[in-house]
Amino acid sequence: MRRNISVVLFLMMFILIQLFSIPHITNAQDVPSSAEHSKSGPVLEVKTPRIDLGNVEKHSIQNFTVSIRNNGTNDLEWKVVSNQPWLVPGKVESEGEQYLSGKKSRDLPFTAYTAGLPEGEYDGSITIMSNGGTNKVAVFMKIVSLQSIQISPVSIKIRVGQKRSFKAIGIWSDGSRTDITDYEQGQWVVSDHTIGSFLSKRPIFIAKRIGQVEITKVRGDVTSLPASVSVEEFIAEPVLFISPREIDLGAIGPGEQSNGTVSLENVGSKLLAWSIKGPKGWVSAEDVSLSGTIEKSTGYLRCTVISTKTGEKPKNLYSVILKIATLNKTCTFEKKLFPGSYREYFVIESNGGQRHIFLKFDIASEVSRPRLSVDPQRIDLGSIETGKRLLRKIQVTNRGKDVLSWKAELQRNRKYFSGITLKRGRYVSFFNEKIMNKGKYEVPERLRDTVFISGSWFEDRGYPSSNGGYNSLKTTFFGTGLVLFVWQDPNGGIVNVYVDDKPVGTINCRAEQRNRIEVSLVENLGEGPHIVTLICGQGNVVFEGMRVYGEELMRGKDGWIRIFPDLGTTTKETDYVNIMVNTDRLPPGKYSENILFSSNGGNNVIEVAAEVLDRTTSQLIKVHRFTKGTDYLYSTDPGSEKLLSPSAYKNEGVVFSLFRKGTHGTTEFYRWYSPSRNDHFYSYDRNGGGKSLKDYEFEGPIGNIATSRLTETRELYRWYNPETGTHFYSTDLKGEGLTKKGYKYDGIAGYVR
């Protein structure tokens, strides 16, 4: 009897304890797991259970974030604990630092410190304890030190005024190699700055005068062996320079093709004549030789490898076609290959030296190999106000038969992917969603300041299409190089390309089947602005967009782009990957990032570009400057037919911004024109501000201007040439050098952005 009473009392005490117990945060053992909470309470979710920091340089720090989310409805409170002294939590810079109300997410900052730690592999963990569960995040890193630096080229000759890019490879204590070319990765040192120097924060050397210099790369206490540069007034003989020397074309399955581009440059003074010698063991499919000459411009070779079934025994033999093409001529070679890895080369013979171009590729079997296909391959987000969020989708399709396993991640600081050097450029798409299936193409609103079309343009899936007739597309850009993306098809036409009114070549858009190609138009230009003109003849031409090199590009903070899901398997269905872009706390500027897709069926790189604007930028109107003789015309409507006619004004690009009507602290900025003087005059005073406007015709306001200094505004100076009676306006206090042509300072016209 006593025993039964004791059991009853014990059960009653246990029930009371369970009823009156209150969850609280003390240590990991006190916190119930997420599974014990209902969705009505707080529920902790950690999105990344494992973080691999990769190689971290000795005596440095590595910042990263851990993303958490409250999947419940009640308030979530948490704290973090690290099990290693080198793994330190940071401060969350927001209100309610340890508090999440409702279903929200937050990034928790952490820093890995390597000071005082020897080289080697390290692992630690972060415990996140909350009233909604406990989660652990494993953190791994390897501490390495830089052993040596190799730079290339090691010896070159160039002429005064020429530019040459240099590259630096860091060799680390674990044997790994990384690209440390950028200025953020160490300093480029020139032995004599009077002979030449590097462009600001870019690995491009420009020769100033005749002489010899040595160039080294310095990072910390490690200095590379010197490269020798000989600057000459002229190089008597032609010298052939090619880039790159090897192209990795990846895996190529039946019916597939892969391509890459090689640039040819003559760094000598005499005319360079070159010709192609086909790869050893390959049979020329047609009696066509490929040759050309280069004087001062750059030439390009497009290399394409195509795999097809032979229909012969043995069954796994493939007919592989190699096409080597210039802008207007193609030579073709064939060879039968079994599935496997290959590294073939062809030779460029020239009077400026012999060069070998290597092509690396895998011939894949149709039976066993999955094939990764992603679309779109490039994403232009356009202009986004800071604080906004955008969602885009990438379509992942398996074009093969076996199961495709794939993974998606951001490039971040990686320089190479699958043996390919990752270049940073800004992608600009000509796509206009609003005019799809409407027949006529119109330039999208976001590009109307930089892209201009004339003639009859149709839309093809939202892109500009010239189907016969002589139509032109002009675009202005600031940068040092430009790549064009264009479609080829059986009815393709010819495109004549002009850069800054100078012909640079033609593009042949004719091919046996529809495919998208990448054409490098120009490189190593000054920073601009530049004008590219594309003139289409007979035949079908469809432009996708372009990639601009040499701009000041920014990389977003951790978490500005999120990928979900970031891995998966695909058989015959199509999967969709969400790309969430968050511009919160991003400073204004142009951003570029690559999303890397790796899989057992090939790899792919998706370019993502965006321009982040501050909230006041939406009140601004970009002003273009047009020139014609001594007349300077400033307009906020560069698409005007008057300005686009062939004999009219030349667009020099955007020079400043005015304000929209109604902006506080601004007034209308008026324009007048004198046909007799061929001069435009501007003033915010409707009567001309005391200037004689005889013979001037009033043309109305072009926007609003500030009459006194506002935040982030600058002076718009006016100059006057008494000999010609013409005016010039600029934000440059020195008048952009026009004082040498007789222009005199004439005061401040107002304040602009």
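The values are calculated or read from the model by the stated rules, or taken from the named source; none is laboratory data. Note that the structure is predicted; figures quoted are calculated from it, not measured. Positions of Cβ are backbone-derived with ideal geometry, glycine not excepted, and every protein chain shown enters the neighbour counts.
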**OP:** Among the residues of segment 466-482, write down those that are in a strand (DSSP E or B) and under 15 Å from ASN508 (Cα atoms).
**Re:** SER466, ASN467
Original post:
Assuming ASN266 fulfils every condition listed in (1) under 25 Å from SER520 (Cα atoms); (2) surrounded by fewer than 16 Cβ atoms within 10 Å (Cβ to Cβ) apart from one, which condition is it?
Top reply: (2)
**OP:** Evaluate segment 560-579: report whether one residue or more is at pLDDT below 85, more than 21 Å from the chain's Cα centre (by Cα) and closer than 23 Å to VAL305 by Cα.
**Re:** no
**OP:** Could you tell me which residue of segment 111-166 is surrounded by the most Cβ atoms within 10 Å (Cβ to Cβ), considering only residues that are within 30 Å of the chain's Cα centre (by Cα) and without any contact (Cβ under 8 Å) to a residue 60 or more places away in the chain?
**Re:** ALA112
**OP:** Having 2 or more residues that are more than 30 Å from LEU249 (Cα to Cα) is the bar; report the strands (runs of 3 or more DSSP E) wholly within segment 402-460 that clear it.
**Re:** 451-454, 458-460
Original post:
PRO238 passes all but one of (1) crowded, with 19+ Cβ neighbours inside 10 Å; (2) without any contact (Cβ under 8 Å) to a residue 40 or more places away in the chain; which number fails?
Top reply: (2)
Original post:
Out of segment 726-746, which residues are at pLDDT below 90 and among the small types (Gly, Ala, Ser)?
Top reply: GLY735, GLY737, GLY742
Original post:
Could you list, in sequence order, the residues of segment 486-513 that are in contact with a Pro (Cβ under 8 Å, 6 or more places away or on another chain), within 21 Å of GLY469 (Cα to Cα) and surrounded by fewer than 20 Cβ atoms within 10 Å (Cβ to Cβ)?
Top reply: ASN496, ARG510, ALA511
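Residues checked against (1) charged (D, E, K, R); (2) outside any strand (DSSP E or B); (3) out of contact with any Ser or Thr (no Cβ under 8 Å at 6 or more places or on another chain):
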| position | (1), (2), (3) |
| --- | --- |
| ASP287 | yes, yes, yes |
| GLY299 | no, no, no |
| LEU322 | no, no, no |
| ASN328 | no, yes, no |
| TYR345 | no, no, yes |
Subject >> Condition check for LYS323: basic (Lys, Arg), at pLDDT 90 or above, on the phi < 0 side of the Ramachandran plot and not assigned by TED's automatic domain parsing to the domain that holds GLN162 >> reply: yes
Original post:
Which of the residues spanning segment 286-303 are aliphatic (A, V, I, L, M) and surrounded by 14 or more Cβ atoms within 10 Å (Cβ to Cβ)?
Top reply: LEU290, ILE294, LEU301
Original post:
With respect to the numbered conditions (1) over 16 Å from LEU710 (Cβ atoms); (2) at pLDDT below 90, which one is the sole condition not fulfilled by PHE681?
Top reply: (2)
**OP:** Pairs only if they're at least six apart or on different chains, beta carbon under 7 angstrom, first in segment 338-357 and within 19 Å of TYR318 (Cβ to Cβ), second at pLDDT 90 or above and buried (at least 16 other Cβ atoms within 10 Å of the Cβ); list them, first residue then second.
**Re:** GLU344/PRO279; GLU344/LEU359
Original post:
Just for segment 411-433: of the residues that are out of contact with any Ser or Thr (no Cβ under 8 Å at 6 or more places or on another chain) and among the small types (Gly, Ala, Ser), which one is modelled with the lowest pLDDT?
Top reply: GLY419
**OP:** Inspect all residues belonging to segment 711-721 and state whether any of them is surrounded by fewer than 18 Cβ atoms within 10 Å (Cβ to Cβ), modelled with pLDDT of 85 or more and outside any strand (DSSP E or B).
**Re:** no
Original post:
Can you pull out the residues in segment 542-559 that are over 30 Å from ASN471 (Cα atoms) and either of a type in the set (S, T, N, Q) or out of contact with any Phe, Trp or Tyr (no Cβ under 8 Å at 6 or more places or on another chain) (or both)?
Top reply: GLU552, LYS557, GLY559
Original post:
What are the residues in segment 722-753 that are at positive phi, surrounded by 13 or more Cβ atoms within 10 Å (Cβ to Cβ) and under 38 Å from the mean Cα position of the chain (by Cα), if any?
Top reply: GLY735, GLU736, GLY750
Original post:
Among VAL541, VAL608, VAL612, VAL522, which is the only one that is under 30 Å from THR663 (Cβ atoms) and surrounded by 19 or more Cβ atoms within 10 Å (Cβ to Cβ)?
Top reply: VAL612
Original post:
Within segment 330-341, how many residues are aromatic (Phe, Trp, Tyr), modelled with pLDDT under 90 and within 27 Å of GLY292 (Cβ to Cβ)?
Top reply: 0
Subject >> strands (runs of 3 or more DSSP E) contained in segment 495-588 and holding at least 2 residues of a type in the set (S, T, N, Q) and in contact (Cβ under 8 Å) with a residue 12 or more places away in the chain >> reply: 502-508, 515-522, 567-570, 574-582
**OP:** Just need a number here: residues in segment 48-104 that are more than 30 Å from the chain's Cα centre (by Cα), at pLDDT 85 or above and among the hydroxyl-bearing types (Ser, Thr, Tyr).
**Re:** 1
Original post:
Out of segment 154-178, which residues are more than 18 Å from GLU232 (Cβ to Cβ), part of a strand (DSSP E or B) and out of contact with any Leu (no Cβ under 9 Å at 6 or more places or on another chain)?
Top reply: SER165, LYS167, ALA168, ILE169, ARG177, THR178
Subject >> Test for GLU652: is it assigned to a strand (DSSP E or B), more than 26 Å from SER454 (Cβ to Cβ) and among the acidic types (Asp, Glu) >> reply: no
